[in-house]
Amino acid sequence: MYLDTLKYFFDRTYSQNPAFIYRGEFEDYFTGLILDMAEIRNDVSPQENALNRKVSFMLVECFQNILRHAENIGQIQDVRDDEGMFCFKNFSDGFVINSVNVIKNEEVDKLKSLVLQVNSMTEDDLKNYYLERLEKNVLSGKGGAGLGLIELARKSGQKILYQIEPLGNGFSLFHQQVTLILGKEGIQDRFKDELEENNKVYSRMIKDGLHLVYKGDVSNRSLLPILDFLRAHVGKSSKLTKRLSRAAHVLIEVSQNITKSGLNLETGNAGIIMLGEKNGRTVILSGNLIGLSDKILLEEKLGYLVSLDPSELSELHKRTLQASLRFESKYNSGLGLIEIAKAGSEPVSFDFYPIGSDRFLYALAVVI
């Protein structure tokens, strides 16, 4: 994993703000965290409020669909070490929600039949079909997933895309995509390639041990749900408390690093934060666009920090903290970078990828 992985996901989410990807075990309370991270629009006009409600419904329904179909992890751990993936992308002209979840093979034909039936219906047909099933209380064994699928098709106005991938041992992966296109009615193929792209992303997440990718405005509002996902990922056992504390501290520091050094583009202080696991350790990756002057300064600072051994880092941290408390070095002390380097179990990794003629992707990886 590390920096090439961050560049891979930065390239694929460059035109999306925000973008959110989660892979792992799913809990019901994650629904609220996802809504917080999506933060569809900030306007308060009736039209924007209606859009917010529509997309929020689609997010919740897609995520709840994973929970309905999620099998006990103990049943599938021989073929898969996670329960699937959830992905939300906000483009300038639409929204795309992808999900991947494990289902039993005995459910495949029924699910395919339902999707094909829903996709063949007109808007009026969908409304009548939904009311008919609701009136008859025709609920599936998974708690009404059929009704949810009908409502997704109604809200989005687009066909639901899907793929079935056999896993073996009686299980398959169900890949689903729901899209909402803004301002261009009837363009059915606008995001058709995102389903296959999501499959590639899922494979890369598994290969590199990634659990979360967030691209967007890095602020306290977006950081809080990321911290909650971090707690869920690291765990709450006493032996992991120290690692969780250090990881949370690093996450806060890298978010501040993005805010301070990032170029204030049309998307705000947009950055990318990723959480993963490698050889039993937590990995935090961050990236944001910077200018040439910041690149030169950061390259010098990080190069120096990487050259220090743990005792030298501790001594530098002590001196810098004391100077900061005495206001001897109030600005650009580098204390945050020193604390990031000090918290890692190995030297931090960093690189600067050219993005155009005068901008760079500042990529940082910390192993805890």
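Of note:
- Bridgeable aspartates and glutamates around Lys342 (alpha carbons under 14 Å apart, same-chain partners fewer than 8 residues away excluded): Glu253, Asp309, Glu312, Glu315.
- Cross-link reach is defined here as a Cα-Cα straight distance under 18 Å, omitting same-chain residues fewer than 8 places apart; for Lys200 the aspartates and glutamates meeting it are Asp4, Asp11, Asp81, Asp82, Glu83, Glu165, Asp208.
- Taking all C-alpha pairs of the range 89-231, those more than 18 Å from each other amount to 65 percent.
- Residues in the range 332-354 reached by a label modelled at Glu299 [backbone nitrogen below 16 Å; 7 Å Cα→Cβ]: 350-354
- Separation in nanometres of the label points that stand 7 Å from Cα toward Cβ, at Asn128 and Ser56: 3.3
- R0 of 25 Å, Cβ-Cβ distance Asn279-His249: FRET efficiency to nearest 0.05: 0.75
- Extension reserve of the Ser345-Ala323 stretch, reckoned as 0.36 nm per residue once the Cα distance is removed: 5.4 nm
- Stretch gain in nm, segment Lys136-Leu67, where the contour uses 0.36 nm per residue and the Cα spacing is subtracted: 22.4 nm
- Flagged links, alpha-carbon separation over 27 Å, of Lys242/Lys318; Lys112/Lys155; Lys242/Lys295; Lys7/Lys89; Lys127/Lys215: Lys242/Lys295; Lys127/Lys215
Every number in this text was worked out from the coordinates using simple rules, so none of it is lab data. Since we're looking at a predicted model, the values are computed, not measured. Methodologically, a virtual Cβ is constructed for each residue, glycine included, from the backbone with ideal geometry; neighbour enumeration extends over all protein chains shown.
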